[in-house]
1. Classify the range 222-298 from the C-alpha gyration tensor, please: rounded if a/c falls under 1.5, else prolate or oblate depending on whether a/b exceeds b/c.
2. Just to confirm my numbers, what's the Cα centroid distance between the range 198-219 and the range 482-550 in Å?
3. Measure out, as a whole number of angstrom, how far apart the alpha-carbon centroids of the range 33-59 and the range 359-375 sit.
4. Based on the mean of other beta carbon atoms within 10 Å per residue, what is the order of 513-520, 102-109, most packed first?
5. In whole Hz and in residue order, list the ³J(HN,Hα) couplings for the range 305-313 that follow from phi through the Karplus curve 6.51 cos²θ - 1.76 cosθ + 1.60, θ = phi - 60°; x for Gly and Pro.
6. Which of Ala87, Phe28, Gly351 sits closest to the plus end of the dipole of the chain, meaning its Cα is farthest towards the positive end, when Lys and Arg get +1 and Asp and Glu get -1 on the C-beta?
7. Can you list residues from other chains, or at least 5 along the same chain, whose modelled amide H is less than 5 Å from the amide H of Thr199?
8. Could you order peptides 434-443, 84-93 by the average number of other Cβ atoms within 10 Å of their residues, highest first?
Amino acid sequence: MKRATLIVMLFALLVWFSTGARPKALLFVGGVVYTMDGDDSTAEAVLVERGVITAIGSSTDVQMQAPADALLIDLNGRALLPGFVDAHSHFPVGVIDHLGVQLSATASSPVVNNNELLNRVRDAVELTPSGQWVVGFNYDNTVFPTGQHPTRQQLDQITQEHPVYLRHISGHMGVANSLALKELQIDNKGLALQHFIGTDPETGELNGLLQEAAAPSLGRFFRNFSIREIVDAYKLTQQEYLAAGVSTVQNGFINKNMITVLKLLKFFDVLPQRVVAWVNSEYADKNEPKQTEEFRQATVKLIVDGSPQGKTAFLTIPYRSNKDTEPFFKGAPLFTQKELDKRVLRYHLAGYQLALHGNGDAAIDMIIAAVAAAQQVMARPDARHILVHAQTIRSDQIDRLMALSITPSFFNTHTYYWGDWHKSETLGAMRAERISPLADALNASLRMTLHGDSPVTPIEPLHLVWSAINRETRSGDILGESQKIGLTSALRAITIDAAWQSHLDHDRGSIELGKLADLVVLSGDPYAVDDIRTLAVDFTYIGGEEVYSR
């Protein structure tokens, strides 16, 4: 993004955002405080002074310590918790939920079949001048009755005058029409032989499906939107995170330009949340890991395989398939073992934490081997390298993680959003029962986190907790009864354990003396309701400043 564009964007944001003066002290009383400290203790009151927690305990004791001008906040029986720490998403990429043609199955006006998808594209084409791109976001073929992706041929029937690209909800694939394929310089000469470029099994012609490295980057499409559209989408996205109680946000695969954008937003005080950035290898090759209270860029992200929804996650046992043409397909890694070993060693020696995307158990084998080799060269017992997603991790692999200082972050709402699909279409019943095996991880004494990979799924920490303790699918099936965990473990996974995983537990993630006053007030007590999703975040505080009020 050009510098002039950034300046225009920032000044626009400065006009629309304002921050209030921080009170000298806040006194929270009249509710229950879940501290998420080492003993999971509770309290009646909390005192905050100059953005830091200075007293915790009974209402009487804490009020005696409060200065006379402290602002009294009566919780009225509600719960006070640490601010939620985003273990893995792509802030502020959620702007795509408010740009282009919206095709999500989880939106207020959901797209749940191919006909509705094509109608939305047709409507957008009619409003778009000839020659300009039509871009759609977040379609999910797994909820369609046939489970089929839209095709190049279907999009060509709508228009041959507009390049059209529809990005899948997983972020790992999308579908293009013929004109878009031409613009992207993709044809059926050579490249179509790769699994990542879809072809018709009968004709050999491109069907428009582009996966993994063949799919165009998201950044390519932002030029299609005006600065005003992007700024408005950013405002909505930031509010969604604040309304969800997320006080530390994460961008889970970031380049130099986006780091610059986020730092400028922080500098001009129009991004209240603290930031964790997982940098790409190009950035890590030229920069050392850095961490401040407001901005951490000490983790490098490597994507080792794809997604189970698209059958590009790398498995040891083939995917369940109803197609005779691919009965033995296991997916494919994005690295050779030699190249992965080389990269992991490079960043391990440079002091980076590694975030290694691995969905399939064969990819996880590769990740374990690469980290084991790096630890052999130079032991880093507290590296806390992150195994990201870990959908099909096996029991024997879980047993190896702690010795290598690898901590899993589970995309555990797969059980809800795609559990039925994995059971019937991709993994089969036995493996689907074990996706995101949270109980196995806890039984192995692993500290773990939960994430929703927004914008792949909405930023909803309380839904992560609900899925962890219920493991219910869209259809109401329970997927893996033995892998359910308790409420306290699930809450820790979005607070203190998420802070710990990012080496941030020294100043956030729990309500303890001296820590930052990043706090959320829930509308009720999570231990007193049957469904935690019925609760809302009433207030979000960052550094003692109220940044969101419902």
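Read-outs: derived from the displayed coordinates by stated rules, not from any lab. Please read all numbers here as calculations on a predicted model, not as lab measurements. Glycine also receives a Cβ, built like all others from the backbone with ideal geometry; neighbour counts cover every protein chain displayed.
1. Details: a/c = 2.06, a/b = 1.30, b/c = 1.58.
Taking the square roots of the gyration eigenvalues as a ≥ b ≥ c, the range 222-298 is oblate.
2. 41 Å
3. The two parts, judged by their Cα centres, are 40 Å apart.
4. Values: 513-520: 21.1, 102-109: 15.4.
Ranking, from highest mean packing down: 513-520, 102-109.
5. Ordered by residue, 3J(HN,Hα) equals 8, x, 10, x, 4, x, 6, 10, 5 Hz.
6. With unit charges placed on the Cβ atoms, the residue in question is Gly351.
7. Counting only residues 5 or more places away or on other chains, the set is Asn207.
8. Numbers: 434-443: 21.6, 84-93: 26.8.
Highest to lowest by the protection proxy: 84-93, 434-443.
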